[in-house]
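Scroll down for the structure; my scribbles are underneath it.
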Amino acid sequence: MYDLIIIGAGPAGLSAAVTAYEAGLEKILLIERDSELGGILNQCIHNGFGLHLFKEELTGPEFAGRFIEKLRDTNVEVMSDTMVLDISEDHTVSLVNSSGYQHIKGKAIILAMGCRERTRGAIAIPGSRGSGVYTAGTAQRYMNMDGYLVGKRIVILGSGDIGLIMARRMTLEGAKVLACVEINPYSSGLQRNIKQCLEDFDIPLYLSHTITDIRGYPRVNQVVVSKVDEKFRPIARSEMVFDCDTVLLSIGLIPENELSKSAGIVLDPRTKGPRVWENMETSVDGIFACGNVVQVHDLADNVAAEAKKAALAAARYVQQNRQQDGELELKTAGNVTYTVPQHIHLPLSEKLVEVSFRTNRVFGKCAVVVADREGNAVCRYSREYITPGELQKISIPAKLLEDKEEYLTVKVVEEQK
Amino acid sequence: MYDVIIIGGGIVGSATAYYLSQYDLKLVMLEAFNDVANGTTKANSAVIHAGYDPKPGSLMAKYNVEGSRLTRELAKKLDFPYVNDGSLVLAFSEAEVETLKELYQRGLANGVEDMKLLNYEETKAIEPAISDNVHGALYAGTSAVVSPWEYCLALAETAVRNGMELKLNNEVTAIRKNEDETFTVTTVKGEYQGRYIINAAGIYADKVHEMIGEKEFTITPVRGQYFLLDKSQFTKAHHTLFQCPSERGKGVAVTPTVHGNLLVGPDATRVDDEDLNTTADILAYVKETAALSVQGIDYRENIRNFSGLRARSDRGDFIIEESRSVPNFFNLAGMASPALSSAAAIGLTAKDWVLSKQAYPKKEHYVDSRRKIRFKKLTDEEKNELIKKDPAYGRIICRCETITEGEIRETFRGPIPPQSIDAVKRRTNAGMGRCQGGFCGERVANILKQELGLDYTEILQDREGTVILEKKAKEDYENV
């Protein structure tokens, strides 16, 4: 019996393992399906990692390396090249690797499986069906792990961060990125990536546009890009044709929760991740979740921070019994699409409750308001700018919540001019 | 010199190959693409129809019912996925209920067993997700779903294991008759001499026939488009759900697949040549029409769209006969639905035709079985035993479908080694799942590279030309 089993050794799993060890857990097992630890960080050879956590600019592998170094001095057991096939509600983990198929148990479990990319099928892009269409992450893996370019003339659909990073990367390797096409009227990536990966290389970004046809067989040779109206319907006669051999898709990420489902964990249809408490515990007692398996983050630093929270809570769960019987639900209103956590235990063990959320539109000067059941504002946070492409965070002082009941509502209101 | 040359490695050519390879004769199959099951066979509804649909007395009626029975037996013997899910034809009006009665009578005339007419309540009881506008249904218990490409591979692999030569990438360009009454078939790769020709060239069957014979029939490709949905949508249909044939056409089917997904489609659109594009308007039509049968299909869970072609003949029926202008040349043409259901019976007939020409003896040693390792389906003990023998079975390559490196490596030692990423998918299911190879594609490419001794830039997604990687990094580009 392990104290803690962590599934996935990307930024979430690595950070959780280090934190849980430092918090005094004795028997920790970290499981990774790849042969190396680090997860997707290993193919993210660009810099920009670690600014918040380590106060310096690191590449993805370096960021992972910081945690891997720390793990060396611990007794955390690492199983790489190992795939978890099932988790049950009683904390039994079924896994397979080249030494066999086995079932093991943990007092606590942390889910850190990350996410996967949405594919062409998810948005049913019509057209020819030869080669030349890839998710941005797949192209990144071929580029950075294998040293091969997927194509020479590229159109990118979606302005997610991986697509933006790949626009720069492919350009630096000599390919021509013709356009980045985004169906929304705003970019879904970080502002800094729009600047550093598109603008600095004169790559046009077409907002409110989408790909309406892919042509060419056996390999893509053209795409048709159309402007869309406010309901995302293509506008006739707005077509532009690009001669290209490659389409990269950066159209969103989906938390990977097949294992969570097998454990009977309740998922939030909005995040597609587990519903969690303020300490990252899921609906199943003693199973915690963190990182992109819960909600898609913009920064690995935030993933690591969320994992730390989960690991501390898991350690507390193993070391002592919880004495919290009150609870508050976090609801959303207006343009807030979801919050993480979705529930808060009362009384709180921490002084602050961190809440992250996203909106479905851009706001200028505005305020994030947390209201109680009666509709009275509990706290209010001014913001200069909010965009759906960037994960928002607020920290609510625990003492403001002591006498609250049933639920809180999080919303964004425009500030009066 | 070959006794029999089969042109085309789809389901019909492969079924013929399977039966002929039981006889002591020299057999070769010429396939234009780099794998069998690479045309119409790989893109259709994957349904083994019960046989109430074709007009009594037609070849389609005859071969469908017999073929459906043979498919069930072959699935057991040759180990390919087959699920007897049963089908329902749904009626959306009282007039359509009358059509169901006609279909029922046709079924009886065609010799279909286990049919029942159901009212709305009875239908709802066995298929809870059907829409409220259903008035009744025709249930057919013998209807089934298969993995069409695995079915085809099972047949072709067994034929190869029993001595058939398979020539991939051999598109036929000319056929001539020699003085001694034998044929010489010219392909892009070489020449093959044989006594008898079986033409199973799918949508090209008319063109292949006309390389030597007169115009006896015309094949028109009729395209159908599909949605393949994630396993999360599997429970939306427990049976294969058809709609009544009407002026709208044959309607759109909603069916579970043997792999645990949900398949929605097809439309029917005449196209020129091999047009496998998908189009926004037709996909919207397919969705709308399917909603008549089942409501609440979540198309955000779509994992793939594809098109398939029906090889429809101008005779409105299968063409299963010796060419009228070329003796010793047998046409298996017009292989539109229910060709997949009928393939085994058609193959048997083609075999009988060859034997009627020349009484080849049966082989003494014939391997008439095939077993595939499906790691996911094994017990814990079996899994461990396998991993102990070969640790590659402990490494999962495709996480969505739980496919191991061992299963993938094994296909390269098989009778028809894969030549592309999709060929690996057809043999193992790696890449079939919700991430569509996003995770395993690169890993499969690496295995292909090692096993076939290729450079990355030679790795194919599917057919010739579908290269996935253009250039090694740091090599300079010119003229981009």
For this session: Could you work out the equivalent-ellipsoid semi-axes for region B:1-120, taking the square root of 5 times each eigenvalue of the Cα gyration tensor, largest first, in whole Å?
Result: 35, 15, 14
Seminar exercise, completed: In this structure, the FRET efficiency calculated for A:Tyr407 and A:Glu384 from their beta-carbon separation, with R0 = 22 Å, to the nearest 0.05, is 0.20
Exercise. Full extension from B:Asn119 to B:Glu102: what is 0.36 nm times the residue separation minus their Cα-Cα distance, to one decimal in nm?
Worked result: 4.6 nm
For this session: Within a 10 angstrom radius of each residue's Cβ in B:392-399, how many Cβ atoms of other chains show up on average? Whole number is fine.
Result: 5
For this session: Give me the angle, in degrees from 0 to 90, between the Cα long axis of helix A:161-172 and the longest principal axis of the Cα atoms of chain A, rounded to the nearest 10.
Result: 50
Problem set entry | Loop sites in region A:290-398: chymotrypsin sites (Phe, Trp or Tyr not before Pro), DSSP, at most 15 other Cβ within 10 Å | A:Tyr385
Exercise. Quick one: length gained pulling B:Lys377 to B:His238 fully straight, 0.36 nm per residue minus the C-alpha distance?
Worked result: 47.9 nm
Problem set entry | Global size of region B:269-406 as Cα Rg and Dmax, reported in angstrom | 23.2, 61
Exercise. To the nearest 10 square angstrom, how much accessible area does B:Ile397 have with a 1.4 angstrom probe?
Worked result: 20
Problem set entry | Loop-located trypsin sites (Lys or Arg not before Pro) in region A:262-329 whose Cβ has at most 14 other Cβ within 10 Å (DSSP) | A:Arg322
For this session: Express the C-alpha Rg of the protein assembly as shown as a ratio against the empirical globular expectation 2.2 N^0.38 Å, rounded to two decimals.
Result: 1.02
Exercise. For region B:376-458, what is the per residue volume of the convex hull drawn over the alpha-carbon atoms, in cubic angstrom?
Worked result: 90
For this session: Which order do the peptides A:54-66, B:28-40, A:143-155 take when ranked by the mean count of other beta-carbon atoms within 10 Å per residue, highest first?
Result: B:28-40, A:143-155, A:54-66
Seminar exercise, completed: Contour minus Cα-Cα span, A:Ser238 to A:Phe201, at 0.36 nm per residue, comes to 10.8 nm
For this session: Take the eigenvalues of the Cα gyration tensor for chain B, scale each by 5, and report the square roots as semi-axes in whole Å, largest first.
Result: 34, 31, 22
Exercise. So what is the diffusion coefficient of region A:119-251 in µm² per second by Stokes-Einstein at 20 °C and 1.002 mPa s, using a Kirkwood Rh over Cα pairs?
Worked result: 148
Problem set entry | Inter-part distance where region B:180-207 and region A:167-195 are each reduced to a Cα centre, Å | 51
Exercise. So for A:Met166, A:Met79, what's the accessible-area order with a 1.4 Å probe, most first?
Worked result: A:Met79, A:Met166
Exercise. So what's the gap between the Cα centers of region B:288-317 and region B:380-425, to the nearest angstrom?
Worked result: 31
Exercise. Calculated from DSSP H runs of 4 or more alone, at -39500 (n - 2.57) each and per residue, what is the 222 nm mean residue ellipticity of chain A, nearest 500?
Worked result: -5000 deg cm²/dmol
Problem set entry | Antiparallel DSSP beta bridges within region A:119-251, as percent of all bridges there, nearest 5 | 40
For this session: With label points built 7 Å along Cα→Cβ from the Cα atoms of A:Val362 and B:Thr184, find their separation and express it in nm.
Result: 7.1
Problem set entry | Sum of -39500 (n - 2.57) over DSSP H runs of 4+, divided by residues of chain B (222 nm, nearest 500) | -9500 deg cm²/dmol
Exercise. Shielding of A:136-144 by partners, i.e. mean partner chain Cβ atoms within 10 Å per residue?
Worked result: 3
Exercise. Given the options A:Arg237, A:Arg373, A:Arg361, which has the most mean-square fluctuation in a GNM of chain A, springs set between C-alpha atoms less than 10 angstrom apart?
Worked result: A:Arg237
Exercise. Using the alpha-carbon centroid of each, what span in Å lies between region A:338-417 and region B:348-366?
Worked result: 78
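The values are calculated or read from the model by the stated rules, or taken from the named source; none is laboratory data. Keep in mind the model is a prediction, meaning the values are calculated, not measured. In this analysis, Cβ positions are derived from the backbone assuming ideal geometry, glycine residues included, and neighbour counts consider all displayed protein chains. Accessible surface areas use protein heavy atoms only, side chains included; no ligands, DNA or RNA. Shrake-Rupley method; radii C 1.70, N 1.55, O 1.52, S 1.80 Å.
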